[in-house]
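Note sheet for the following structure.
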Amino acid sequence: MIPQSFIQDLLHRVDIVDVIDRHVKLKKAGANYAACCPFHSEKSPSFTVSQTKQFYHCFGCGAHGTAVGFLMEYSGLGFVEAIKDLAQSVGMTVPEERGDQPRRARTEGENGEDLNELMLTAAQFFRNALKDAPQAIAYLKKRGLSGDIAKKFGVGYAPEGWQNLERAFPNYQSSALTTLGLVKQNDEGRRYDIFRDRIMFPIVDVKGNVIGFGGRVLDSGEPKYLNSPETPLFEKGRELYGLYQARRAIRDAGRVIVVEGYMDVVALAQHGVEYAVATLGTATTPTHVQKLLRQTDEIVFCFDGDNAGRRAAWRALENSLAQLADGKEVRFLFLPQGEDPDSYVRQHGKEQFEKLLDSAIPLSQFLLNELSSHGDRNTHEGRAKLLQEAKPLIKQITAPMLSLMMRKQLAEITGITQQELDGEFQIKTAPKAAPARRTAPAQRSITQTVIELLVLDGALARLADRALLAPGIGLAGIDQHELAALNRLLELLAADGKPLNIGEYFRDTEHSDLFSAVEVGVLWRQEQGFSGEELEAEFAGAWRQLVERIRKARTNALLAKSRQQPWTPEEQSQFLLLQQPVTVNSTR
């Protein structure tokens, strides 16, 4: 891992405005900079960059991040690659040794083990095992895979036998191995490897970390594919196999293909079609679609032409509707009966496969064709059924022009006017709303408000007495997740040194979503131009309100306990502390 201290130092030396302006021309807009978003099509700028806080946010599609995040999203770089790119631009050298990056709750085992390190060890074990497995090598050669492609995707082999991983992990009894889905324990307490006699495909996140595995049987056997279970590192609904390796090819091709299996992805890459990814034993999710539409303007779902393939395509369609944007395209390709991407590209080659891609059916056509096939469009009853089934689907489409054109076509098909259809679908054509960035943020909890003000002006931390924020009895009605985030933020702001890049510090932690939402409110406050005195007054009021809520909750809890049993000395001290008045100092 790259030390967090280095990342923070690097982000103090680069300017996010310069980084983004090299790819997307920015214009000064009040306190911040603005441009049309590079991650979705739009005519009015909703992409905002804060130079003072060093993050960007799009009020249209929700894209959000630091200079590191922008390079990952826009250029398709991994986390380490993005850090190296930024470091090179300012003449810094990325340290190779492990540094002082703060431990992440999601990547720590119960006993402090680094879960990412354990997964990397397993991946290396499987890769080394492949070298000594002639039957597995013969299988891969039979499937047409070269050594270079196997190396690119880190393909390995899980040997036959029950406890082979004991050779890779001296502490084979570690609970972290079961947490990661590498080992199971039976009712008698005997532990054994989950993956046995399978070709192993490491699943890699956008940083290049191994987060899971897919194992395929060599010949016959069930299940044909075995995936890692959900773990602290791996969520099937968020990850896509091959995306890490395909990012640059997706950018170059201007599209991405979504297939169903690891072998499809690897075989396509072997034949020069390197912009394919696969779902991981689950249906396509809205998160999958959102992630891919940030990478490119066109998604082609490629499925078998049988009933199962069409059902999978329909689920993908349903989960794509709310993610669509004008200028983005989702299409569907159904392969000939008995073919899958692996077999088709091996038999017909890249050129013929890409010709098929060009004939893929647009989402709008697939949707209307499927619904029309459910009834007779020549009867009133059939047309009424079509409208009934289309209504919940069309209402999910938020892309204005696409929604309008589909409603017009649906009205023509069913023989009613568009106005009648819009009335039936309860679709109102409202006047264009004001830009979202000029709108006050949604109602926040008092804790979120305090966090937002601290992110905007770290000097406000001097007003806060953290004594009552420590975990303890009686926090009913107060979000402890938010309180823990506030505590950590105050600790960081109290430390000596340069101001912290909050967004990058909390990347991939349990608090990352909270701080991303908070930073949107920071942008709004920057644009309003609040004075230092106004911010200090708001913070003082919010801080008093938060502390009073904590005081009341803990006092009530202690009094309730005193009616059941005597207080401990610690609880007596806490009760006395709760009786002290709240004081708020001045930063001026």
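Quick notes on this one:
- Close pairs (8 angstrom Cβ cut-off, 6 or more residues apart or separate chains): over 18 Å from Asp358 (Cα atoms) in the stretch 323-342, at pLDDT below 90 and among the β-branched types (Val, Ile, Thr) anywhere: Leu324/Thr398; Ala325/Thr398
- Being among the acidic types (Asp, Glu) and in contact with a strand residue (DSSP E or B) (Cβ under 8 Å, 6 or more places away or on another chain) is not true of Glu274.
- Of all residues in the stretch 217-228, none satisfies being crowded, with 23+ Cβ neighbours inside 10 Å and not polar (S, T, N, Q).
- Gln574 being out of contact with any helix residue (DSSP H, G or I) (no Cβ under 6 Å at 6 or more places or on another chain), under 22 Å from Thr449 (Cα atoms), assigned to a helix (DSSP H, G or I) and modelled with pLDDT under 85: no
- Yes/no for Phe70 being within 17 Å of the chain's Cα centre (by Cα), of a type in the set (Phe, Trp, Tyr), surrounded by 20 or more Cβ atoms within 10 Å (Cβ to Cβ) and modelled with pLDDT of 90 or more: yes
- Residue in the stretch 490-509 that is closer than 24 Å to Leu233 by Cα, of a type in the set (Asp, Glu), modelled with pLDDT under 85 and not in a helix (DSSP H, G or I) present: yes
- Residue match in the stretch 144-158 (condition: modelled with pLDDT under 90, farther than 30 Å from Gly349 by Cα, not assigned by TED's automatic domain parsing to the domain that holds Asp264 and not in a helix (DSSP H, G or I)): no
- Filtering Gly99, Gly112, Gly78 for residues that are under 18 Å from Val265 (Cβ atoms), at pLDDT below 95 and under 27 Å from the mean Cα position of the chain (by Cα) leaves a single hit, Gly78.
- Scope the stretch 155-175; condition touching an Asp or Glu at 6+ places or on another chain (Cβ under 8 Å) and either without any contact (Cβ under 8 Å) to a residue 40 or more places away in the chain or farther than 29 Å from Gly261 by Cβ (or both); matching residues: Pro159, Glu160, Gly161, Trp162, Gln163, Asn164, Tyr172, Ser174, Ser175
- Residue within the stretch 361-368 that is polar (S, T, N, Q) and either under 27 Å from Glu424 (Cα atoms) or touching a residue at least 24 places away in the same chain (Cβ under 8 Å) (or both) present: yes
- In the stretch 371-381, the qualifying residues are those that are surrounded by 15 or more Cβ atoms within 10 Å (Cβ to Cβ) and in contact with an Asp or Glu (Cβ under 9 Å, 6 or more places away or on another chain), and the one that is nearest to Ala316 (Cα to Cα) is Leu371.
- All of (1) under 28 Å from Val206 (Cα atoms); (2) at pLDDT 90 or above; (3) over 18 Å from the mean Cα position of the chain (by Cα) hold for Gly349 with one exception: (1).
- Being crowded, with 17+ Cβ neighbours inside 10 Å and not in a helix (DSSP H, G or I) is not true of Phe126.
- Close pairs from the stretch 277-301: first in the same structural domain as Gln323 (by TED's automatic domain parsing), partner in a strand (DSSP E or B) and acidic (Asp, Glu), Cβ under 9 Å, at least 6 apart: Asp297/Glu329; Glu298/Glu329; Ile299/Glu329; Val300/Glu329
- Test: residue in the stretch 238-245 that is crowded, with 20+ Cβ neighbours inside 10 Å, among the charged types (D, E, K, R), touching a strand residue (DSSP E or B) at 6+ places or on another chain (Cβ under 9 Å) and assigned to a loop (DSSP other than H, G, I, E, B): yes
- For first residues located in the stretch 202-217 and in the same structural domain as Leu120 (by TED's automatic domain parsing) and assigned to a strand (DSSP E or B), partners that are buried (at least 22 other Cβ atoms within 10 Å of the Cβ) and acidic (Asp, Glu) and lie 6+ apart or on another chain with Cβ distances below 9 Å form the pairs Ile203/Glu239; Val204/Glu239; Ile211/Glu239; Gly212/Glu239.
The values are calculated or read from the model by the stated rules, or taken from the named source; none is laboratory data. It should be emphasised that the depicted structure is a prediction, and the values quoted were computed from it without experimental measurement. Every residue, glycine among them, receives a Cβ derived from its backbone with ideal geometry; neighbour counts consider all protein chains shown.
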